[in-house]
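Inspection log for the structure reproduced underneath, given as structure tokens.
The values are calculated or read from the model by the stated rules, or taken from the named source; none is laboratory data. This is a predicted model, so every value here is computed, not measured. Cβ coordinates were reconstructed from backbone atoms using ideal geometry, including for glycine residues, and neighbour counts include every protein chain displayed. Areas reflect the complete protein model, heavy atoms only, side chains present, ligands, DNA and RNA absent. Shrake-Rupley method; radii C 1.70, N 1.55, O 1.52, S 1.80 Å.
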Amino acid sequence: KHIWFFTVGRKYRVPGFLATSFEQNVAIEFCQGAWNPDNKAHGAVIWIVDVDPAGENDKSKICQHAGLVQSSHFKGEKEYLFVPYSVFTVKDVKLSIDPTYNTPHVIRLEAAHDNKLELENLPLAPWY
């Protein structure tokens, strides 16, 4: 339904919390759980969110608006939670002819290093 929004290079903000996982199998399970075959307007999507890998060794490069959730409802989830109005840039979009949970769209995003350094009037994710 909103696939038109995701063009390579677009920067936008997500006006709610955005939960992610370091575990691909967890993302796939959530994709399967959200899939509704009766609602074709909402195709399945796997989101890949990149952060600066230098943040692993250099604290000044850590993403400033996200953190690892220590206690989750799902065992082994390794949830990484982005705060509301986090900024992302679309890096790649691979569209599926039949976006089901078996063959989803794949959208790769890059998380901004620090939301405060980004424009405040960026477009908002359209699903909110």
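Label-point separation (nm) for L68 and D92, each offset 7 Å from Cα along Cα-to-Cβ?
Placing both labels 7 Å beyond Cα along the Cβ direction yields 2.5 nm.
Given labels modelled 7 Å from the Cα in the Cβ direction, how far is it in nm from N121 to F5?
2.0 nm
Count the DSSP beta bridges whose two residues both fall in the chain, then state the antiparallel fraction as a percent rounded to the nearest 5.
Here the share of antiparallel DSSP bridges comes out near 70 percent.
Against the longest principal axis of the chain, how steep is helix 24-34, in degrees 0 to 90 to the nearest 10, with axes from Cα atoms?
50 degrees
Using +1 on the beta carbon of Lys and Arg, -1 on that of Asp and Glu, and nothing else charged, what's the dipole of the chain about the Cα centre, debye to 20?
Dipole about the Cα centre, nearest 20: 260 debye.
Just the accessible area per residue of the chain, please: how many Å² with a 1.4 Å probe?
I get 66 Å² per residue for this part.
Within the set of other residues whose C-beta is less than 15 Å from the C-beta of V8, count the net charge using Lys and Arg as +1 and Asp and Glu as -1.
Once positives and negatives cancel, what remains is +2.
With the full set of protein chains in place, find how many percent of the accessible area of the chain is carbon and sulfur; take the probe as 1.4 Å.
The C+S portion of the solvent-accessible surface of the chain is 55 percent.
Relative to the compact globular guide of 2.2 N^0.38 Å, what is the alpha carbon radius of gyration of region 54-128, as a ratio?
So region 54-128 has a normalised radius of gyration of 1.34.
Using Cα pairs closer than 8 Å and at least 6 residues apart in sequence, work out the relative contact order for the chain, in percent.
39 percent
Decide, for the chain, between rounded, prolate and oblate: order the square roots of the alpha carbon gyration tensor eigenvalues as a ≥ b ≥ c, take rounded if a/c falls under 1.5, and otherwise choose prolate if a/b is larger than b/c, else oblate.
oblate
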